[in-house]
Amino acid sequence: MASAPKLSPLKYKRVLLKLSGEALMGKTAYGIDMPTVMALASAIKDAMETGLELGLVIGGGNIFRGLQGAAKGMDRASGDYMGMLATVMNALAFQNALEQLDVSARVLSAIPMPTVCEAFVRSKALHHLEERRVVIFAAGTGNPFFTTDTTAALRAAEMGCEAILKATQVDGVYSADPNKDPKAKRYDHVSYAEVLAKDLKVMDGAAIALARDNNIPVIVFSIDDPANLGKVLRGTATATIVGA
C-alpha cells in the first residue's frame with residue numbers, strides 16, 4: 001500500500017484566526033448553522049494536531065451588528081455592546097463544537113460574565129495557549145467603537161502571535177469587490193501602507209495599524225473550503241499576505 005503523502009511543516013507555531021460571524025451561518029440567512037461550525041472546528045482540530053497554538057476571534061454579524069443598530073436609530077455604544085454579546089454566543093457555540101471533537105478550548109470574555117466563561121486576563125490566555133488549548137477571545141475589546149478586526153490585531157499582539165489569519169469569502173485582497181467588479185485586481189502581497197492609502201477592505205484602519213506597528217503579517221484567504229486553513233498554515237494556499 002502506498003504511504004500517505006508527507007505534509008510540509010507549519011510556517012507558524014502560534015497564530016490568531018479571525019472568523020466573521022457570517023462564516024458561522026453556512027447557507028442560512030441568520031444565526032448559527034451547527035454543521036458549518038462543526039466543519040470549521042474539524043479543520044481547527046486537524047491544525048491543532050500538528051502542534052499549532054491558536055487564538056480565535058469571531059465576529060457577531062450573524063446575530064447583531066452595532067453599526068446596523070445605530071443606523072436604525074439606536075445609540076451606537078448600546079448597539080456595540082449588544083454586538084459584543086453576540087460574539088460571546090458565537091464563541092460558546094464554537095467552544096462546544098471543538099469540545100465535541102475532543103479539542104480543549106476556553107472562552108475568555110473582555111466583559112466579565114463568570115457564570116458563562118472566563119474573564120480575559122493576558123497571563124491566563126497565554127497559559128491556555130501554552131497548554132495547547134484553543135483560546136476564543138469574546139466580547140471584542142470590551143469597549144464600544146472598536147471592531148472585532150481590531151480585537152484580533154490587539155489579541156495577536158498581546159499573545160505574541162506570528163500571524164493573523166483573516167478568513168473571508170474570497171481568496172485574498174482585491175482592489176475592489178470581485179463579485180461586483182470583474183476587473184478587480186488581486187494582490188499576492190500588499191503593504192500595510194498600501195492597504196491604508198487605498199482603503200482596501202481587508203480590516204479596518206485601526207487593526208491594520210496595530211498589525212503594522214507590531215510587525216504581524218495578515219494573511220487573507222477563503223474559508224469557503226475549511227481545508228484551506230491547513231494550507232495557509234503550510235504556506236500552500238491561495239492567499240494575500242499583508243505585510244511590510
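Report, by residue number, each residue of the range 86-109 that is closer than 23 Å to residue 157 by Cα and over 16 Å from the mean Cα position of the chain (by Cα).
Result: 104, single match.
Tell me yes or no: at least one residue of the range 19-40 is without any contact (Cβ under 8 Å) to a residue 40 or more places away in the chain, among the hydrophobic types (A, V, I, L, M, F, W, C) and surrounded by fewer than 18 Cβ atoms within 10 Å (Cβ to Cβ).
yes
Mind listing whichever residues of the range 119-137 are in contact with a strand residue (DSSP E or B) (Cβ under 7 Å, 6 or more places away or on another chain), without any contact (Cβ under 8 Å) to a residue 40 or more places away in the chain and either among the small types (Gly, Ala, Ser) or surrounded by 17 or more Cβ atoms within 10 Å (Cβ to Cβ) (or both)?
Those that are in contact with a strand residue (DSSP E or B) (Cβ under 7 Å, 6 or more places away or on another chain), without any contact (Cβ under 8 Å) to a residue 40 or more places away in the chain and either among the small types (Gly, Ala, Ser) or surrounded by 17 or more Cβ atoms within 10 Å (Cβ to Cβ) (or both): 119, 120, 128, 133.
With respect to residue 151, determine if the residue is at negative phi, modelled with pLDDT of 95 or more and within 18 Å of the chain's Cα centre (by Cα).
Against the criterion (at negative phi, modelled with pLDDT of 95 or more and within 18 Å of the chain's Cα centre (by Cα)), residue 151 qualifies.
Out of 220, 170, report the one residue that is in a strand (DSSP E or B) and out of contact with any helix residue (DSSP H, G or I) (no Cβ under 7 Å at 6 or more places or on another chain).
220
The values are calculated or read from the model by the stated rules, or taken from the named source; none is laboratory data. Everything numeric here is computed off the predicted structure, so don't read it as measured data. Note that each Cβ is placed from the backbone with ideal geometry, even for glycine, and that neighbours are counted across all protein chains shown.
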